[in-house]
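**Q** For reference, the structure I am asking about is given below.
Computed from the coordinates by the stated procedures, all read-outs in this text should not be read as laboratory data. Model, not experiment: these values are computed from the prediction. No Cβ is skipped: glycine too gets one built from the backbone with ideal geometry, and neighbour counts run over all protein chains shown.
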Amino acid sequence: MSTVSSPPEETLASVVIVDYGLGNLRSVTRGLERAGADVEITDDPAAFTAADGVVLPGVGAFREGVENADPLREDLLAVAESGTPLFGICLGMQMLLTTSEEGETDGESAVQGLDLIPGTNVRFAEGQKVPHMGWNELEVQREHPLVEGVDGNYAYFVHSYYAAPDDENAVVATTAYDREFPSIVANEAGTVFGTQFHPEKSGETGLQILRNFVEICATE
């Protein structure tokens, strides 16, 4: 299935949003269009190959996300291998990692993420209110084109688990919620990255990040 949105007045890059049955695709589409992208929502791997960038959205449980996206696993790995920017949002970001404690805590065995950013997703500590919901500050830890102009800005979060990459250099930005956790991560090459928060729900901060993403897609 494939849905093509109306193109923006000035198209800077073509972006595919991966449709695997989870995620608020319409709001992500609107945000990307405002940022200058020509957006297609699809589960067609041929479209992934043709696009300037690919977005993996997602809300919900890690297991459900991984199982739903599993038919597209090799195609998503091929996107990463090709160097085409791959942007995971919320659950989509968590799926870029290797695994999650989520299955273990509900008595089920772990499922394997995409392992593009080695690490695991861990639950907030006992006693912390979950889900973490609301606006929190982004503290940029290292340079990456995705975070141009957003250090110290606030973004909107809804989650109970957070990424814990094996390599601390994978952490691009952090956020404090009783403890500091990675809120933006990226692989070593910098072409696979994700945000734990929802840029499409984060006002001007989110729009800046989406603009940054579109510019990355336009220059890769």
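**Q** Scan region 17-36 and report the pairs whose first residue is under 20 Å from HIS159 (Cβ atoms) and whose second residue is of a type in the set (D, E, K, R), with Cβ atoms within less than 6 Å and a gap of 6+ or a chain change.
**A** Note: pairs meeting the criteria are SER27/GLU200; VAL28/GLU200; GLY31/GLU200.
Per-residue answers, yes or no, for (1) under 13 Å from LEU146 (Cα atoms); (2) in contact with a strand residue (DSSP E or B) (Cβ under 7 Å, 6 or more places away or on another chain):
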| residue | (1), (2) |
| --- | --- |
| VAL172 | yes, yes |
| THR175 | no, yes |
| ASP178 | no, no |
| SER183 | yes, yes |
| PHE193 | yes, yes |
| GLN196 | no, yes |
| GLN208 | yes, no |
| ARG211 | yes, no |
| VAL214 | yes, yes |
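**Q** Right, here's the next one. Among (1) crowded, with 17+ Cβ neighbours inside 10 Å; (2) under 20 Å from PRO145 (Cα atoms); (3) out of contact with any helix residue (DSSP H, G or I) (no Cβ under 8 Å at 6 or more places or on another chain), which single condition is GLY83 missing?
**A** Of the numbered conditions (1) crowded, with 17+ Cβ neighbours inside 10 Å; (2) under 20 Å from PRO145 (Cα atoms); (3) out of contact with any helix residue (DSSP H, G or I) (no Cβ under 8 Å at 6 or more places or on another chain), the odd one out for GLY83 is (1).
**Q** Could you please let me know if GLU102 is buried (at least 20 other Cβ atoms within 10 Å of the Cβ) and charged (D, E, K, R)?
**A** Yes.
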